[in-house]
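The values are calculated or read from the model by the stated rules, or taken from the named source; none is laboratory data. The structure displayed is predicted, hence computed values, not measured ones. Every residue, glycine as well, gets a Cβ built from its backbone with ideal geometry; the counts of neighbours run over all protein chains shown.
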Amino acid sequence: MKTKLDYYKIFYETAKNESFSTAARNLYISQSAISQCIRQLEADLNTKLFVRSRRGVSLTNEGRLLFQKVESAMQSIEQGETLLAQLQHLDGGSLIIAAGDAITTHYLLPYLELFHAKYPNIRIEMASSYSSRMLEHVKEGKAELAFVNLPVEDSELTVTPCLEIHDIFVCGPEYKAKASYTWSEIAKEPLILLETNAVSRRYIDGKFASKRIKLEPQIEIAVHDMLIRFASINLGVSCVVEEFSADAIKSGSVKPLVLNPPLPPRHIGCAYLKHNPLSPAAKAFLELMGINS
């Protein structure tokens, strides 16, 4: 662009109002400055843009052609400014969150409901996969926030623990269970565990491996809630998150087994890019959850 953008803004305002004086008033500059800028624009383009008369100014044929393009550009800029204002005031835009089904259902859902009630014009999109893939979604810009099982170590991400969880073993109401189990004893039960690529499964395997105990499940599945369903029909003993299984335990569809000593607690965490500023929508969602960003 060989001409300053300000000149086109002055040209647009003058052409729209067909008046140098009105353009000067709207732009808070002198009429002589308006005239000087128009002359400079005409010189830069080597084209006469206005016809002057006692009644004001009108566009030449060349001026009308230029005005069509400048008007479209100015309207696009104004629309962009409006969209940005909506984003800043949480009156539009979108928020993309990556989270597994269990975390969404048993942890995020109440917050999503509150957020939607407070900011109904923000579109919420959910992406679901394994924790490692959800972190890649954040790094690839496909999601802004990811809620995943910890531990997670990644120099590109800020990871904040936000919910302490406890892994427990459960069985069906008719399953013949002992009063308590050592870790070696529970490993001999017909286990139902998540697939090996799940962070939760790797965590459990690692804890048992630290005691030189290898877990060899009879059934492996991909969805946490199916662990509860399988245990409830007495297919074996499932390792589940206590906080995500509270309703099933309360209803009696599964019963917890006593592990001595119990597995240590771990956390669900929120991850986002360390060096990228969060959108107003993402900040508002974390604030609603009581998470400092």
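If the requirement is being touching a helix residue (DSSP H, G or I) at 6+ places or on another chain (Cβ under 9 Å) and either on the phi < 0 side of the Ramachandran plot or of a type in the set (Val, Ile, Thr) (or both), which of these qualifies: Ser251, Ser279?
Ser279 is the lone residue from the list that is touching a helix residue (DSSP H, G or I) at 6+ places or on another chain (Cβ under 9 Å) and either on the phi < 0 side of the Ramachandran plot or of a type in the set (Val, Ile, Thr) (or both).
Within the set of pairs 6+ apart or on separate chains, which have a first residue in region 255-266 that is closer than 12 Å to Ala179 by Cα, a second that is of a type in the set (A, V, I, L, M, F, W, C) and surrounded by fewer than 13 Cβ atoms within 10 Å (Cβ to Cβ), and C-beta atoms under 7 Å apart?
Note: pairs meeting the criteria are Val258/Ala179.
Within region 55-144, which helices (runs of 4 or more DSSP H) (wholly inside it) include 3 or more residues that are at pLDDT 90 or above and farther than 29 Å from Cys162 by Cβ?
61-88
Is there any pair with a first residue in region 10-24 that is assigned to a helix (DSSP H, G or I) and among the acidic types (Asp, Glu) and a second that is buried (at least 22 other Cβ atoms within 10 Å of the Cβ) and modelled with pLDDT under 90 whose Cβ atoms are under 8 Å apart and which are 6 or more apart or on different chains, and what are they?
Glu13/Ala23
Given the conditions (1) assigned to a helix (DSSP H, G or I); (2) modelled with pLDDT of 90 or more; (3) within 30 Å of Lys255 (Cα to Cα); (4) not β-branched (Val, Ile, Thr), report the number of the one that Lys178 does not fulfil.
(1)
Which one of these does Ser155 not meet: (1) surrounded by fewer than 15 Cβ atoms within 10 Å (Cβ to Cβ); (2) small (Gly, Ala, Ser); (3) touching a strand residue (DSSP E or B) at 6+ places or on another chain (Cβ under 6 Å)?
If we test Ser155 against (1) surrounded by fewer than 15 Cβ atoms within 10 Å (Cβ to Cβ); (2) small (Gly, Ala, Ser); (3) touching a strand residue (DSSP E or B) at 6+ places or on another chain (Cβ under 6 Å), just (3) comes out false.
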